[in-house]
Amino acid sequence: MRMNEAWKKKHNAEIRPGTTITGKWHGKRYVIKKKLGEGAIGSVYLCEVNGREKALKISDNRTSMTVEVNVLKSLGKVQGNRLGPSLLDVDDWISPFGTAYTFYVMEYLKGEPLSSFIQRNGSEWLGVFMLQLLDDLERLHASGWVFGDLKTENLLVLHAPPRVRWIDVGGTTQIGRAIKEYTEFYDRGYWKMGSRKAEPSYDLFAFVMIFLNIYYPKRFDKGLEPEKTLLKRLHDVKPLRPYIVPLKKALQGKYASSAEMKKELMLIFYQAQKRTNLRKNRRKESMPHFFTEVIGITVIAIGYYLFSLLL
Amino acid sequence: MKKGTLKQILLITDGCSNKGEDPSATAGLAYEQGITVNVIGILEDDASQQPDGLQEVEDIALSGGGVSQLVYKKALSQTVQMVTKQAMTQTLQGFVNKELKQILGPEKSLEEMEPEKRGEIMEVVEDMGETCDLEVLVLIDTSASMTDKLPTVKEALIDLSISLNARIGRNRFSIFRFPGKQQDMEKVFDWSPRLDDISTIFPGLTSGGITPTGPAIREAIYQFGRKSLMRSLRHENERGMEEEA
Ligand SMILES: Nc1ncnc2c1ncn2[C@@H]1O[C@H](COP(=O)(O)OP(=O)(O)O)[C@@H](O)[C@H]1O
């Protein structure tokens, strides 16, 4: 839900750079440095504690904050690469004016939005991020959760090496339940292409919408025939052509798991690789545009993907 | 904890009531009887300032123990489902808080609890919200000014049913409009688990200029009462038959 305007004003007056937030229960002190962003239920600040930079999310909405904290705690127990930022502290703060806030402190993820990364570095990075995201989704689903509100705004690309990470677990829902929070453009229910039950295929639909959103930053309406609109729009994006078959299947809910989708994407990379090898052997023929595009994708995708597995 | 049924009235309007008793008073009456009243006020797309008439929206929800939200037509779908879910959580939290006070003493509530405990309690509230049964009586203002908004209301209600039917718990919806042709309120869609097929009832729903919000809420309370009365009668009958058999 959109933040209440009056509350937002009050909030901005009470929390500014330099404000010290002292936890009511655990007594830790955090110095606010700057605002990182504002979401549906609260604001996120960069803060400093013991000389280290952390992200602090604060809100007066106890309920939603508590739900998010519960999710972050569960995700913290999943093995392997972190799913979502790690949680460091949860506490309350009573402002000098007497307003009661709840806040939690998490790892500060320094990165840039997915779309600006792609714009700067080119679409050959698409494959890497697809594989990384599918990997994370696979582990998330295996631990009994669905991300739910998967969208471009909830992803950051960390640098050196580029690794896509998700923030904001507000929509993360246990498998089999009703999706907690969603954004229309990414929601298959809105597109009349499935239910709002938390299942792996719900995330895979949103996954495709993330990549569409990169090429349609203003998004688009569903029109009278939502599925037709969607497939047409997908078809029109040239950089996504190489992956169109699995992307289309994901939109139509044909994958029961991210592993299944990942397997088919990998196959596309390997086949492209094989074809280019063949061509190399037959010596320099002029290469059709499509193949040059795919070579780039293959080398970078496989390379970086494997590299990110080692981290 | 016993699995219960939450009862909600969802009032969708674009203006102020102008006939009959104060709707806030009747909403309070509903709340007394365990029915939450949520209100959605639809704003004109070009309205820059908040119309005075819509203060009533907040007042009704406040005394009805529910949630209110002013919204432009475009965002109606997402708002309707969020208001409904938020109100469910609010009601369930109220129950849990009451139980907690009984166990832990009057000064203990969710707010005064340390974050770890609060987390555990929220898990219980979430579980209840997912599994409880829900009855929503939708009350649509069909006065003349609503005409151009009704197609969006229809979409939003179908969308609401998609959201709620993803839950584990069962749902029942019914739709009433006010004013009706003869009375203050009139049934347009009988209790049903889904709202997928409401398209046919929507054309030609608009009517005259009066907005009897208060009387309509009172009538809605009666409809809820009637429903549970019928159910308990049916229950009695079934039991009677079992005994005979
Ligand atoms: N751990 C983090 N590190 C860096 N920036 C963050 C972090 N968490 C959130 N942000 C920033 O704050 C913004 C809003 O936070 P978010 O959690 O999405 O709020 P909400 O859940 O209320 O929508 C994000 O879009 C992002 O820019």
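The listed residues are A:Gly27, A:Gly98, A:Gly37, A:Gly80, and the only one of them that is more than 14 Å from every other protein chain (Cβ to nearest Cβ) and part of a loop (DSSP other than H, G, I, E, B) turns out to be A:Gly80. Among the residues of the stretch A:131-143, those identified as within 22 Å of A:Glu264 (Cα to Cα) and open to solvent by 10 Å² or more (accessible area, probe 1.4 Å) are A:Asp135, A:Glu138, A:Arg139, A:His141, A:Ala142.
Residues being open to solvent by 30 Å² or more (accessible area, probe 1.4 Å) and within 11 Å of the ligand (Cβ to nearest atom) are entirely absent from the stretch A:13-31. Scanning the stretch A:18-36 for residues that are free of Cβ contacts under 8 Å to residues at least 24 places away in the same chain and farther than 19 Å from A:Lys110 by Cα returns A:Gly18, A:Thr19, A:Thr20, A:Gly27, A:Arg29.
Residues in the stretch A:56-112 that are without any contact (Cβ under 8 Å) to a residue 40 or more places away in the chain and among the small types (Gly, Ala, Ser): A:Gly76, A:Ser86, A:Gly98.
Among the residues of the stretch A:37-55, those that are in contact (Cβ under 8 Å) with a residue 24 or more places away in the chain and within 9 Å of the ligand (Cβ to nearest atom) comprise A:Glu38, A:Gly39, A:Ala40, A:Ile41, A:Gly42, A:Ser43, A:Tyr45, A:Leu46, A:Lys54, A:Ala55. Only one of the listed residues (A:Val157, A:Val146, A:Val128) is open to solvent by less than 30 Å² (accessible area, probe 1.4 Å) and either small (Gly, Ala, Ser) or within 15 Å of the ligand (Cβ to nearest atom) (or both). That residue is A:Val157.
How about the stretch A:40-54: which of its residues are part of a strand (DSSP E or B) and among the β-branched types (Val, Ile, Thr)? The answer is A:Val44, A:Val49. Among all positions in the stretch A:110-123, there is no residue which is part of a strand (DSSP E or B) and either more than 11 Å from the ligand (Cβ to nearest atom) or crowded, with 20+ Cβ neighbours inside 10 Å (or both).
When A:Asn213 is tested against (1) open to solvent by less than 10 Å² (accessible area, probe 1.4 Å); (2) within 15 Å of the ligand (Cβ to nearest atom), just one condition goes unmet, and that condition is (1).
Any residue at all in the stretch B:133-143 that is modelled with pLDDT of 90 or more and open to solvent by 10 Å² or more (accessible area, probe 1.4 Å)? Within the stretch B:133-143, one or more residues are modelled with pLDDT of 90 or more and open to solvent by 10 Å² or more (accessible area, probe 1.4 Å).
Of all residues in the stretch B:198-210, one or more are within 21 Å of B:Pro23 (Cα to Cα), at pLDDT 80 or above and open to solvent by 10 Å² or more (accessible area, probe 1.4 Å). Checking the structure you have, find out if any residue of the stretch A:181-191 is more than 16 Å from the ligand (Cβ to nearest atom), assigned to a helix (DSSP H, G or I) and closer than 26 Å to B:Val80 by Cβ. So far as the stretch A:181-191 goes, no, none of its residues is more than 16 Å from the ligand (Cβ to nearest atom), assigned to a helix (DSSP H, G or I) and closer than 26 Å to B:Val80 by Cβ.
The values are calculated or read from the model by the stated rules, or taken from the named source; none is laboratory data. Predicted model, so just to flag it, every value in this text is computed and none were measured. Neighbour counts run over all protein chains shown; Cβ positions are idealised from the backbone, glycine included. Just the protein is used for accessible areas: all its heavy atoms, side chains included, with ligands, DNA and RNA removed. Shrake-Rupley method; radii C 1.70, N 1.55, O 1.52, S 1.80 Å.
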